[in-house]
Amino acid sequence: MSARKKLVLDTNILLRAVFGVKVYSLLKQYEDAVEFNTPDLCIEEARRHIPSIAARRRIVPAQAEAVLQEVVADFIQVVDTSFYEEFEESARLRISSRDADDWPVVATAMLINAPIWTEDRDFFGSGIATWTSDKIEIYLRDA
């Protein structure tokens with residue numbers, strides 16, 4: 001039996017899992033075949049964005065927060081800063097010309113040697129394979 005594939009999720013993918021249908025269903029469909037990971041800081045960032053997105057979509061923020069908690073509990077391995085911080089300098093260098101605040105995603109991908117699932121173009125050119133939602137099933141199907 002081969003090892004499970006790994007994937008690092010960016011904050012925008014977490015938010016799509018909370019507010020959309022496709023990402024949530026993909027996480028559920030592939031939960032046994034793929035190890036989904038995200039740095040702890042992405043969970044915090046998602047929580048900061050939930051109130052404004054929920055307001056725009058006329059959803060009770062507490063309900064959206066509950067969905068995030070469910071998604072994390074059921075599908076996501078949260079990687080603590082203490083594990084990926086050793087890659088901070090290299091990760092910042094890789095993404096410095098874009099958004100240096102995204103370094104935890106790059107560092108986590110470096111730590112576990114996995115591609116990133118994102119809608120953020122800031123990761124392109126970082127030297128880490130990057131998948132967007134319109135193509136992610138290619139990666140997932142081969143799991």
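The values are calculated or read from the model by the stated rules, or taken from the named source; none is laboratory data. It should be emphasised that the depicted structure is a prediction, and the values quoted were computed from it without experimental measurement. Here Cβ is always computed from backbone atoms with ideal geometry, including for glycine, and neighbour counts include all displayed protein chains.
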Residue within the range 62-82 that is surrounded by 14 or more Cβ atoms within 10 Å (Cβ to Cβ), within 22 Å of F19 (Cβ to Cβ) and without any contact (Cβ under 8 Å) to a residue 24 or more places away in the chain present: yes
Condition met for T81 (under 12 Å from the mean Cα position of the chain (by Cα) and of a type in the set (S, T, Y)): no
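One residue is enough: does the range 90-101 have a residue meeting the conditions basic (K, R), touching a residue at least 40 places away in the same chain (Cβ under 8 Å), out of contact with any Gly (no Cβ under 6 Å at 6 or more places or on another chain) and closer than 20 Å to T130 by Cα? Quick ask: steps written out before the conclusion?
Keep residues of the range 90-101 that are basic (K, R), which gives 92, 94, 98.
Still in the running and touching a residue at least 40 places away in the same chain (Cβ under 8 Å): none.
So far as the range 90-101 goes, no, none of its residues is basic (K, R), touching a residue at least 40 places away in the same chain (Cβ under 8 Å), out of contact with any Gly (no Cβ under 6 Å at 6 or more places or on another chain) and closer than 20 Å to T130 by Cα.
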Test for I43: is it part of a helix (DSSP H, G or I), in contact with an Asp or Glu (Cβ under 8 Å, 6 or more places away or on another chain) and at pLDDT 95 or above: no
Filtered residues of the range 99-117 (kept if buried (at least 18 other Cβ atoms within 10 Å of the Cβ) and modelled with pLDDT under 95): D102, W103
Matching entry among V79, V71 (being closer than 16 Å to E44 by Cβ and out of contact with any Phe, Trp or Tyr (no Cβ under 8 Å at 6 or more places or on another chain)): V79
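Conditions tested, residue by residue: (1) among the small types (G, A, S); (2) touching a strand residue (DSSP E or B) at 6+ places or on another chain (Cβ under 8 Å); (3) surrounded by fewer than 19 Cβ atoms within 10 Å (Cβ to Cβ); (4) in contact (Cβ under 8 Å) with a residue 12 or more places away in the chain.
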{"position": "L26", "(1), (2), (3), (4)": "no, no, no, yes"}
{"position": "D40", "(1), (2), (3), (4)": "no, yes, yes, yes"}
{"position": "E44", "(1), (2), (3), (4)": "no, no, yes, no"}
{"position": "V60", "(1), (2), (3), (4)": "no, no, yes, no"}
